[in-house]
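The values are calculated or read from the model by the stated rules, or taken from the named source; none is laboratory data. The shown structure was predicted, so the numbers you read here are calculated from the model rather than taken from an experiment. Note: ideal-geometry Cβ built from the backbone for every residue, glycine included; neighbour counts use all protein chains shown. Side chains included, ligands, DNA and RNA excluded: accessible areas come from the protein's heavy atoms. Shrake-Rupley method; radii C 1.70, N 1.55, O 1.52, S 1.80 Å.
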Amino acid sequence: MILDATKKENLEESLSKAASMILSGGIVGVPTETVYGLAANALNPDAVRKIFEAKGRPFIDPLIAHVYDFSKLEEIAIANDSARKLYQAFCPGAITFVLPKKECIPDIVSAGKPTVAVRIPSHPVMREFMKKVGVPLSAPSANPFGYVSPTTAEHVESQLGDRIDAVIDGGICDCGVESTIVMLTDEDRPMLLRPGPVAREQIEKVLGKKLIDPKDKNPAHPTAPGMLKSHYAPKAKLHLFENESELKDIPEGSAVIYFARPKSPKKDEFWLSEKSDMNEAARNLFALIRSLDKTYSTIFCQKLENVGIGEAVNDRLGRAKTKL
Ligand code: TXA
Ligand code: MG
């Protein structure tokens, strides 16, 4: 069931319905500025379990708790100066902090870890909703485990509609890729667990420190399973390229996705951005792959320059691509 929250006149009724679903232990798709999430009351382990079941997600993969502001964050996590600085610089927004958890967070949310991931989203409908429900909301991306993340309410409804209570439609997600995740448990060694819309360089500037890459810590046991090599994958074979010259011998009938609009686009050619803008490219990425996945069995996609949000786009493409 889609609950419309894109029009002012429907907002109150849609959010009230969704809030009573959450407070009675249900699971509801929610819009955020990054991607759509699948939310449950983070303090209710039985409700959280339903998220894992609906997504087919392994219980070893912990969830992000979404809260309204820093004081709500402090009810569930032990904050520190790094978290405060990043909150002031980027929140509400597309950044998640991993911090030591407080006791109220059930083990199922943190996958038994002593930490919890917390995020303060900026999407106005989500903010209104968080105010209304009052409890922290555990919400992974609202896609079947391993598939491309949803950026519209229809994406959620088409894949999970029969397994969830409802999805709140708050329009197309603005960022299009999942939040940046930083681990702040050791303030001397902040770690970038997942690149996202808030870029590495911006975080390093605020903290006055370089971010550590988790790869050089423990390659065998990823700290965030979302970093698993194969993730975000469409059914089609996805190959990546940097320059057009690499596309000489591609199979007939393949789809080609360029970063910018080609001068004279041919059949089966698509692009991520009209204006050669990396934010626009990120916003369109998952929706385009999702729609091409319905009709093409092979897709070639151009990588972005590896700076700013380009690092997040290349990271997701790297995990979605076909392993040779
Ligand atoms: O933008 C986003 O972050 C979206 C929206 C819905 O907020 N959510 C999202 O959730 O992408 P999910 O579950 O798809 O990805 C969360 C990632 C997972 O890779 C998980 O392993 C990691 O966060 N994570 C969660 N709790 C953690 C913890 N305590 N320590 C380390 N990693 C954690
Ligand atoms: Mg996900």
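Some notes on this structure:
- Shape category assigned to the range 1-123 from the gyration tensor of Cα positions, a/c cut at 1.5: oblate
- Charged side chains reduced to their Cβ positions (Lys and Arg at +1, Asp and Glu at -1) give the range 49-137 a dipole of some 180 debye around its Cα centre.
- Entry comment: accessible area of the chain is 45 Å² per residue, from protein heavy atoms only and a probe of 1.4 Å.
- Loop-exposed GluC sites (Glu not before Pro) per DSSP, neighbour cap 14 Cβ within 10 angstrom, longest uninterrupted part of the chain: 1-102
- Loop sites in the range 228-306: trypsin sites (Lys or Arg not before Pro), DSSP, at most 12 other Cβ within 10 Å: Lys229, Lys235, Lys248, Lys263, Lys266, Lys267, Lys275, Lys294
- Cross-link table Lys50/Lys85; Lys210/Lys275; Lys205/Lys275; Lys237/Lys267; Lys8/Lys131; Lys7/Lys50, entries beyond 23 Å C-alpha to C-alpha: Lys50/Lys85; Lys210/Lys275; Lys205/Lys275; Lys7/Lys50
- Across all directions, the average flat footprint of the convex hull enclosing the Cα atoms of the range 151-221 is 7.1 nm².
- Scaled against the 2.2 N^0.38 Å expected of a compact globular protein of N residues, the Cα radius of gyration of the range 251-324 reads 1.05.
- Split the accessible area of the chain by element, probe 1.4 Å, and carbon with sulfur accounts for 51%.
- For the range 234-277 and the range 3-49, distance of Cα centres in Å: 37
- Pairwise centroid distance, computed over Cα atoms, of the range 69-137 with the range 152-197, Å: 13
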